[in-house]
Structures are given as structure tokens and as C-alpha cells.
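Before any comments, here is the structure.
The values are calculated or read from the model by the stated rules, or taken from the named source; none is laboratory data. None of the values given here were measured: they were computed from a predicted structure. Positions of Cβ are backbone-derived with ideal geometry, glycine not excepted, and every protein chain shown enters the neighbour counts.
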Amino acid sequence: MNAKKMPGRVVYKTNLAGDTWVLGIELEEKADFIPGQFVSLKVNEEGLRRSYSVASLPNKKNIELVVDVAPMGVGSKYVLGLKVGDLVEVLGFLGKFVVSDDTLLTQKKLLFVGTGAGAAPLKPMIEDLLINKGFRGQIHLVWGMRFEKDLYWLAELDKLQREYDNFHLDIALSHPGEKWPGVQGHVGDVTDKIKIEGKKTSAFLCGNPEMVVEMKKKLIDMGVPEEQIFYERFA
Ligand SMILES: Cc1cc2nc3c(=O)[nH]c(=O)nc-3n(C[C@H](O)[C@H](O)[C@H](O)COP(=O)(O)OP(=O)(O)OC[C@H]3O[C@@H](n4cnc5c(N)ncnc54)[C@H](O)[C@@H]3O)c2cc1C
């Protein structure tokens, strides 16, 4: 599948929570990608680009991007300035951060770890496994954020957890409020408590580059083979 430049039109843009926005882009054709892949969006007239993971499922004309505008650089400002009806240029679909058929056939447990907007590709990857592929192994998502108010997909992920008994969601907040019932700390504090079955586990890490490095090391120490650890660094 070769990446190509595709014209798109903004069909919705909504603030999900805090600095996180969702951008709906309508393409001319149905989007043919594998959940986990990303697009490169042209963010200024000089042709500067920024990468954004596709946060929705394939085979629809609309794709969704979840964008954290906190960095406030060229890409963030471009996304903030977009209005419904604006034309955009999308280059896609890119990247190898996907769940392979081999992984599906051999693995009993899939661990997904995301920080911040790093949950963007993980949700469609998990939905694809549960809804489209009927994966019956255990799927564990560990999502790290700073504040409870920033949890932009809490309701959606909670619903998925109620619908599929093989999907487990854990959230670690570094700065929770007093009433937060979950884990206070970082994603590593959660994975320390999850039963990792070494060779039978594959891990998918996405988001903050430091988290990816630390988590990869931790999982290798826990017996997960390096070739079963896949990652996308938002750098
Ligand atoms: C494969 C890939 C997929 C990505 N998918 C997403 C996605 O789905 N959603 C999303 O929001 N972002 C995603 N990113 C990150 C995104 O491409 C940009 O790098 C990020 O949004 C910053 O762009 P900017 O132009 O606003 O800031 P820049 O002008 O690039 O940087 C401004 C300042 O912010 C710092 N900075 C850069 N990136 C980040 C960051 N991620 N977090 C905090 N500070 C940062 C820089 O060091 C600099 O000081 C992805 C990155 C990659 C490589």
C-alpha cells in the first residue's frame, strides 16, 4: 500500500477535553489503512508537515484525528485555526505500528500502553480486534494522563470495557483529584501489577518518547521478547 497525497475537507472539529481536539476529515475515497497507521498533514504554505495517528476505523470516507494542541507549535496552531469546510492535504497512510496477523494467531495477551494523545491509534486498534476480528485473547489498555479532566475518551473506553469481558482498561493519573478511584502515578505503576506472560504477550506502546523507552526496558525485564514490543513515539 503506497502512501499518497489526498485532498480532504474538515467536516467537524470539536474540543474533547482540555487541550485535546478531534478533527473529522472527509476524503474523496474510503480510507484504506490498517488501524495504528498515521497521516502526515500539511500544516503551512511552505509544505511543513506534522504526523497524526488515525483515531478512527478504516473503510469510511471520514477519518478522525485526535490532536493535543498543548505543544502550541506550527501543527497545533494550524489545527486550532481550522474551520469546518476548510480544505486540507493529507499524506497517507504511513507507519508499521499495527497488529500483525502473526501476532493475532500466536498471542494470548495484548498490552496497549498510551500516554496523552498516544491513545489515538490504540482505540481503533483495540476496536478492530474486538469488533471486526473477534479476538478472544486478553486485551489490556493502560492509559496515562495528568489530570482527570483531560480524559477525553473515558466514556467510550468505559463502554467498550462493559461490552467486552476480555478488554480491561486501567488509567494512571499523575495529578489526580482527591476522589480519583484509580491509580495515582504513571503507566509503569499499573503494568507492574498486570500479569505479564512473557512470550505470550505482545505490547504496543504509543506517546511520549521517554515513556516508550522506559516501558520497553521494563517489559523486556519482565520477559517479553523485544521483537514482540511495538511502538510509536510522538516526537
Ligand atoms: C508517528 C507520529 C504520530 C503522531 N500522532 C499524533 C496524534 O495522533 N496526536 C497528536 O496530538 N500528536 C501526534 N504526534 C505528534 C505531532 O506530530 C507533533 O509532533 C506535535 O503535535 C507537536 O507539533 P507542533 O507543530 O504543534 O509543535 P512543534 O513546533 O513541533 O514543537 C513545539 C514545542 O513542543 C515540543 N513538542 C513537540 N512535540 C510534542 C509533543 N508530542 N508533546 C509535547 N511537546 C511536544 C517541542 O519540543 C517544542 O518545544 C505524532 C507524532 C508522530 C511522529
Taking the criterion of being within 14 Å of the ligand (Cβ to nearest atom) and either of a type outside the set (Val, Ile, Thr) or outside the structural domain of Asp192 (by TED's automatic domain parsing) (or both), would at least one residue in segment 101-111 satisfy it? no
Hey, among the residues in segment 32-80 that are in a helix (DSSP H, G or I) and closer than 13 Å to Asp19 by Cα, which one's nearest to the ligand (Cβ to nearest atom)? Ser76
In the set Lys60, Lys133, the lone residue that is outside the structural domain of Met211 (by TED's automatic domain parsing) and either over 17 Å from the mean Cα position of the chain (by Cα) or not acidic (Asp, Glu) (or both) is Lys60
Of the numbered conditions (1) loosely packed, with under 13 Cβ neighbours inside 10 Å; (2) outside any loop (DSSP other than H, G, I, E, B); (3) of a type outside the set (S, T, N, Q), Glu29 fails exactly one; give the number of that condition. (2)
What about Arg9, is it basic (Lys, Arg) and closer than 30 Å to Glu227 by Cβ? no
Quick check on this structure: which one of Val183, Val187 is assigned by TED's automatic domain parsing to the domain that holds Ile220 and farther than 24 Å from Ala55 by Cα? Val183
All positions within segment 114-144 that are more than 16 Å from the ligand (Cβ to nearest atom) and at positive phi: Gly134
Within segment 191-217, how many residues are at pLDDT 95 or above and either in contact with a Gly (Cβ under 7 Å, 6 or more places away or on another chain) or farther than 10 Å from Leu111 by Cα (or both)? 12
Quick one: in segment 85-100, of everything that is within 14 Å of the ligand (Cβ to nearest atom) and assigned to a loop (DSSP other than H, G, I, E, B), which residue is surrounded by the most Cβ atoms within 10 Å (Cβ to Cβ)? Phe97
Looking only at segment 147-177, which residues are in contact with a Ser or Thr (Cβ under 9 Å, 6 or more places away or on another chain) and surrounded by fewer than 16 Cβ atoms within 10 Å (Cβ to Cβ)? Phe147
